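What follows is calculated from the coordinates using simple rules that are stated; it is not laboratory data. Here the structure is a predicted model, which is why all the values come from computation and not from measurement. All Cβ positions, glycine included, derive from the backbone under ideal geometry; neighbour counts span all protein chains shown.
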Amino acid sequence: MQPYFAPPGNPFSERPLPPTAFIASIKRLGPWLPDAPGLPPVGLAVSGGGDSLCLAWLARHWRKNLLAFVVDHGLRADSAQEARLTLQRLAAMDVPARLLTLTNLAKGPGMAERARQARYAVLAQACREAGCLDLLLGHQADDQVETIRMRQDSGSGPDGLAGMGWVTALPDVRLVRPLLGVSRLALRETLRQAGLTWVDDPSNQDTRATRVRVRHNLQEQDTRLALWETSLCAGAARMQRDAEQASILSRHVAFRPEGWACLGPELPEPEVLSRLIRGVGGALYPPSPAAVARLRAAGQEATLAGVHLVRRRADWYLVREAAAMAAPLPAEGGARWDNRFELSIPSALSGQGLQIGAAGLGLDRGVRGGWPALFCATLPALWRQGQRVAVPHLGWWAEGQFKYARFLFQPPVSVTGSGVYGWPEVKADGRATRE
């Protein structure tokens, strides 16, 4: 069983990719809004490198209503100039573009991961502001097999060996990778044939980076093809497990809009438990399979990956660990706190010194509606000058003007999110759905 979107042929061919082939492939990754100027554009993440620039050129043959985002990370002296050059090249293609500048990145430990997270955060924010429902990314087949090899080396579980999803559904934008079946060389040949040039990032030759070392060790096409087949098989198996787990979760687990999950009297299997922990903790990736297996085998209250496993009467619960929650931030409409809750608030309340933070302890028993104080302490609340003024999930507010504030629980990845659009996902209320 292969994922329905896997294109035919050798993904590591060096032949240029015709726009007609790209169009046929991307149409299968829909649904897409009509290509009309009055509707939200499809977003493009364009670094200026060969992969993303080729993506922009191909996408321009597919539709007109596009909006490219060029991120200047500021980590190299030439980054600003390269970003401006990329904007010029996009303009020559008749692709509208916006420059996004990162100003708070500093060199040091974990820089690559920090830069990646900051880049995705600013891209997601730009998509929200522009109304983009979809963001196209330039990851290609070589990126995929490099990812698989790195995950093999790190002892990743079967889900990890499926690699990157062709479509990843985040709370407010779909990440779409239409070039995963095309090689790096084929994309560059496509640009050469079109008479286009691109930016070569010198960091891609720095062998101190794990991915660069892996890339240099994956020169044999047979090895790359074997890893590609591994990803297809693992992806198909992952989608099947996702469907099965969605059914299990819809019958046995209550995932609450308050951000915690009731597991019932028995703990679920480690793989299901792992994904529940990811959802309650607002994480992009599940915790270590070995750590989850130990947690389940112990059968005791404990914390893992920012989540507290607790037992109340006969049932087990997963609740956010209070010490791991995010710091307060200004309360503005659309603000996302703790990577899990999005605030909806009347515009009249914005700019009044309100902040979003954890509700904390001290809520009256009657206000808590029967829920333990430990649980309610993790709820998002509105604060003003150090005073709690609203806990919307409990229907409590100090002043009537706050009763229209709402927090929507939106973990960054669905509980059974395989990263493949169209397969069952479990929403925050625990219901299994098929998009």
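Contact order, relative form, for the chain: 15 percent (alpha carbon pairs under 8 Å, 6 or more residues apart, mean separation divided by residue count). Only aspartates and glutamates eight or more places from Lys403 in sequence, or on another chain, were considered; those with a Cα closer than 17 Å are Glu258, Glu332, Glu342.
Can you give the Kirkwood hydrodynamic radius of the stretch 186-228 from its Cα pairs, in Å with one decimal? Here the Kirkwood hydrodynamic radius works out to 12.4 Å.
Hydrodynamic radius of the stretch 121-244 by the Kirkwood approach over all distinct alpha-carbon pairs: 16.2 Å. Above 34 Å, the calculated P(r) of the chain contains 37 percent of its Cα-Cα pairs. Against the chain, whose longest principal axis is taken from its Cα atoms, helix 111-130 shows a tilt of about 80°. When both the stretch 14-56 and the stretch 186-264 are represented by their alpha-carbon centers, they are found 19 Å apart.
Across every direction, the projection of the convex hull enclosing the Cα atoms of the stretch 351-412 has a mean area of 4.7 nm².
Enumerate by residue number the GluC sites (Glu not before Pro) in the stretch 208-277 meeting two conditions: DSSP loop (anything except H, G, I, E, B), and at most 16 other Cβ atoms within 10 Å of the site's Cβ.
Glu220, Glu266
Close amide H pairs (under 5 Å, H built 1.01 Å from N) link Asp134 with Gly43, Arg174, residues at least 5 positions away or on another chain. Shown for the stretch 199-298 is the translational diffusion coefficient from the Stokes-Einstein equation, using the Kirkwood radius over Cα pairs, a temperature of 10 °C and a viscosity of 1.306 mPa s: 94 µm²/s. Take the Cβ-Cβ distance between Gln81 and Gln240 as r, set R0 to 35 Å, and report the resulting FRET efficiency rounded to the nearest 0.05. The computed FRET efficiency comes out at 0.15. Karplus-based coupling profile of the stretch 347-352, in residue order and whole Hz: 4, 5, 8, 5, x, 9, with θ = phi - 60° in 6.51 cos²θ - 1.76 cosθ + 1.60 and x standing for Gly or Pro. Diffusion of the stretch 246-384 by Stokes-Einstein, at 37 °C in a medium of 0.692 mPa s and with Rh set to the Kirkwood radius over alpha-carbon pairs, works out to 205 µm²/s. At full extension, Arg294 and Arg114 could sit 61.9 nm farther apart than now, given 0.36 nm per residue minus the alpha carbon distance. Translational diffusion coefficient of the stretch 19-233 (Stokes-Einstein, Kirkwood radius from Cα pairs, 25 °C, 0.890 mPa s): 136 µm²/s.
Projecting the Cα positions of Gln387, Cys376, Gly400 onto the charge dipole of the stretch 325-404 (unit charges on Cβ atoms of Lys, Arg, Asp and Glu, taken about the Cα centre) puts Cys376 furthest along the positive direction. Placing pseudo-labels 7 Å out from each Cα toward the beta carbon at Cys233 and Leu284 gives an inter-label distance of 2.9 nm. Run the reach check for Lys64 against aspartates and glutamates, Cα to Cα strictly under 15 Å, same-chain hits fewer than 8 apart removed. What comes back? Partners within reach: Asp35, Asp94, Asp134. Ranked for footprinting exposure by Cβ neighbours inside 10 Å, fewest first, Thr210, Thr197 give Thr197, Thr210.
Applying a DSSP loop filter and a limit of 15 other Cβ atoms within 10 Å to the trypsin sites (Lys or Arg not before Pro) in the stretch 300-345 leaves Arg313.
To the nearest ten degrees, helix 79-92 and the longest principal axis of the Cα atoms of the chain are 70 degrees apart. In this simple spin-label approximation, Ala398 and Ser203 carry label points 7 Å from Cα along the Cα→Cβ vector, and these lie 4.4 nm apart.
Ratio of Rg to Rh for the stretch 240-305: 0.93 [Cα atoms; Kirkwood radius as inverse mean 1/r over pairs].
If I take every Cα pair under 8 Å that is 6 or more residues apart in the stretch 325-404, average their sequence separation and divide by the length, what percent do I get for the relative contact order? RCO, the stretch 325-404: 23 percent.
Note on Arg406 and Ala373: the model spin-label points, each 7 Å out from Cα along the C-beta direction, lie 3.1 nm apart.
Were the residues from Gln88 through Lys27 laid out at 0.36 nm apart, the gain over their Cα-Cα distance would be 19.2 nm. If R0 is taken as 45 Å, the Cβ-Cβ distance between Arg128 and Thr223 corresponds to a FRET efficiency of 0.65.
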